[in-house]
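S.K.: This structure is in structure tokens; I'll ask about it shortly.
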Amino acid sequence: MTYSFNLIDQSWIPCTRLDGRMEEFSLREALAQAHELRGVQGDSPLETASLYRLFLAVIHSVLRGPKNKNAWAELWNAKQFDMNKFDAYFKKWHTRFDLFDEERPFYQFTDKEMVEKSALLLPHGMSTANELFEHQTVVETIPIRFKQAARMLLVGQNFGLGGLVYPGRPNLTRSPLLNGVWFLVEGDSLFETLLLNCLQYTRDKPMPTLGTDEPTWEMGKPFTSRKKPNGYLDYLTWQNRKVLLVPSDEEESVSSMKIMRGLDLDKDVEDPFKLYLKREKGWRFLPFTKERSLWRDSHTLVRRTDRENVRPPESVNWLALLLEDTDCLKPSQMYRYMALGAGVHYKDAKIYFYRHESMPLPLSYLANDDLVSKLTEAATLTEQVKSALKRASYTLAKNFISPSAEEKNGRQPDSGDVEKMLTHWNVETNYWSKLETPYSLLVVDLPTDPESALSRWKETLQETAWEALKNAERMAGENTKALKAATRAEGVLYGELKKLFPESQPQKEVPA
């Protein structure tokens, strides 16, 4: 039986309309109506990121640009895509976008060494092909609709973990987007979002061209051995695993796939949409973690002038140039940053959470370094107040466990017991959780009234620190031991805040 599901013509991409309605579109339909759509809405943040990445690969492949600011401005001012160019391109490469093309199925490959597995392992869970981890999932053969399989295929190529395919066969390697947060600038429509992330494309930008740069569907031999991409188009469509979908007897569905190791990506290749920070051991991408909220590092996204310590996503530098030299964008405009990705436990080869966060992005930060400095100052103060709160809460826990701890030759409690008490009281978590919304307001208000916004933020920090400490004191109780410990802790916090904010009136009077 012959199967066909062409991504250019078939509806498979979930998008939100401007009125909030959800609908599925073909690749061509989504591009043709991009100015009338809010954006992509995948079943998971990883699916959303993968679909945006495919859109960008298609746009750059069709345009082989934009090569400069004027070319980008022309695209932006058109307010919608010129579908004549896209239709000509889609006609040329139509068969390469079919999931079941006999010669070159989309994002797939045929190899006699491939091992058959459940299609449930298509997305990031491909790593569970390692039978050490999830025996049950490996053998399940639940049918998956063609349109779902197409999206899962993209996720697997972009976010798949490494792992054992089968004893004696080469291990899978990690996919290019798995490590780090993937940042996209979000506009008011799908068209705007795609254009705002459509970077200047030349031989040197956004990454060096090392050979004939083509997307995988244009290549004659897409798995020719290489560890560095030939260029940006090659990187956007990089396939670190060979996959072949196996259609099932049920209508328009697959239940299994064949898989083996594909391309190995050099660990030094940097993604243009990630944030890199200088650490002791060199440059490291910003990851998603459970322990640290992403907004705490968001000020580094716009720090373009601190190249020794921060490399923001390339979209920041590109939009800053467009602000300077074109009339398309204005500093007064407000967009948003989408942060997409996953939390990964590499030792256990597991993805333990997905995340899709949104943060305000006033374009004025890209045109005014003084604003960035003030936002950085606010972020630094936030960490300093956290440290003050930590010292105060440590004092509370220490004196609660051992009331004689501050006395000469007094018994000092075990540090592990103190840390357990702090974990139980959740002091730092309470502090950070109360600041996320006020911080977003700070980001929005700072460009219009910097001094007032920063002053309000300082007040918020102090109030939040006191609230977090008081909550811990309530959990400690009201007996004499707890009250004495609270008095000492409040004295520490009062003193620390007075050092940080000498110009402020004390927010808490504490007996000497």
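The values are calculated or read from the model by the stated rules, or taken from the named source; none is laboratory data. The structure presented is a predicted model; accordingly, all values stated were derived computationally and were not measured. Cβ: placed from backbone, ideal geometry, glycine included. Neighbour counts: every protein chain shown. Note: areas computed on protein heavy atoms with side chains; ligands, DNA, RNA excluded. Shrake-Rupley method; radii C 1.70, N 1.55, O 1.52, S 1.80 Å.
S.K.: Which one, SER248, SER189, ASN158, is farthest towards the positive end of the dipole of the chain when Lys and Arg carry +1 and Asp and Glu -1 on their Cβ?
M.R.: Of the listed residues, the answer is ASN158.
S.K.: Of ALA472, ALA482, THR429, which is farthest along the charge dipole of region 426-512 in the positive direction, counting Lys and Arg as +1 and Asp and Glu as -1 at C-beta?
M.R.: Going by the charge dipole, the pick is ALA482.
S.K.: Helix 83-92 sits at what angle to the longest principal axis of the chain, using alpha carbons and giving 0 to 90 degrees rounded to 10?
M.R.: 60
S.K.: Let's test this: bin the Cα-Cα distances of the chain at 20 Å from zero up to the farthest pair and state each bin's percent.
M.R.: 20, 46, 27, 7, 0
S.K.: Can you tell me the orientation of helix 314-325 relative to the chain, as the angle in degrees between its alpha-carbon axis and the longest Cα principal axis, to the nearest 10?
M.R.: For 314-325 against the chain, the angle is about 90 degrees.
S.K.: Return the carbon/sulfur percentage of the accessible area of region 383-427, one whole number, probe 1.4 Å, all protein chains in place.
M.R.: Carbon-and-sulfur percentage of accessible area, whole number: 45.
S.K.: Once phi is turned into ³J(HN,Hα) by the Karplus curve 6.51 cos²θ - 1.76 cosθ + 1.60 with θ = phi - 60°, what whole-Hz value does each residue of region 146-159 show in order, with x for glycine and proline?
M.R.: In residue order, the calculated couplings are 3, 5, 5, 4, 4, 5, 5, 4, 4, 4, x, 6, 8, 10 Hz.
S.K.: By per-residue mean of other Cβ atoms within 10 Å, what is the highest-first order of 65-76, 388-399?
M.R.: 388-399, 65-76
S.K.: Using the heavy atoms of the protein chains and a 1.4 angstrom probe, tell me the accessible area per residue for region 204-313 in square angstrom.
M.R.: Solvent-accessible surface per residue comes out at 47 Å².
S.K.: Taking a threshold of 22 Å on the Cα-Cα distance, which of the pairs LYS227/LYS278; LYS67/LYS278; LYS147/LYS258; LYS147/LYS242; LYS420/LYS484 fall above it?
M.R.: Violating the 22 Å Cα-Cα cut-off are LYS227/LYS278; LYS67/LYS278.
S.K.: For region 292-365, build the charge dipole from Cβ charges (+1 Lys, Arg; -1 Asp, Glu) around the Cα centre, then report which of LEU323, HIS299, ILE351 sits farthest towards its positive end.
M.R.: Farthest towards the positive end: ILE351.
S.K.: How much of ARG21 can a 1.4 Å solvent probe reach, expressed as accessible area in Å² and rounded to 10?
M.R.: Number for this one is 130 Å².
S.K.: Oh, and also: Rank MET359, MET334, MET22 by accessible area, highest first, at a 1.4 Å probe radius?
M.R.: MET22, MET334, MET359
S.K.: Report the semi-axes of the equivalent ellipsoid for region 432-489 in whole Å, largest first, where each axis is √(5λ) for an eigenvalue λ of the Cα gyration tensor.
M.R.: Taking √(5λ) for each Cα gyration eigenvalue gives 33, 11, 5 Å.
S.K.: Per the 1.4 Å probe, what fraction of the accessible area of region 253-300, in percent, lies on carbon and sulfur atoms?
M.R.: 43
S.K.: With Cβ to Cβ distances under 11 Å as the rule, what net charge do the other residues near LEU483 carry (K, R +1; D, E -1)?
M.R.: 0
S.K.: Moving on to the next point. Around TYR337, which amide H atoms from residues at least 5 apart in sequence, or from another chain, sit under 5 Å from its own amide H, with H modelled in the peptide plane?
M.R.: GLU186, MET359, LEU361
S.K.: Now for a separate question. Please turn the phi angles of region 233-247 into ³J(HN,Hα) values with the Karplus equation 6.51 cos²θ - 1.76 cosθ + 1.60 (θ = phi - 60°), one per residue in order, whole Hz, x for glycine and proline.
M.R.: Here the 3J(HN,Hα) series is 5, 4, 5, 4, 10, 4, 10, 8, 8, 8, 9, 9, 6, 10, x Hz.
S.K.: So, with +1 on the Cβ of K and R and -1 on the Cβ of D and E, and no other charges, what is the size of the charge dipole of the chain about its Cα centre, to the nearest 20 debye?
M.R.: Dipole magnitude for the chain comes out near 1340 debye.
S.K.: Roughly how many Å is it from the Cα centre of region 265-315 to that of region 4-36, as a whole number?
M.R.: 32
S.K.: Here is a follow-up. Can you sort ASP9, ASP264 by solvent-accessible area, 1.4 Å probe, largest first?
M.R.: So, going from the largest accessible area down, we get ASP9, ASP264.
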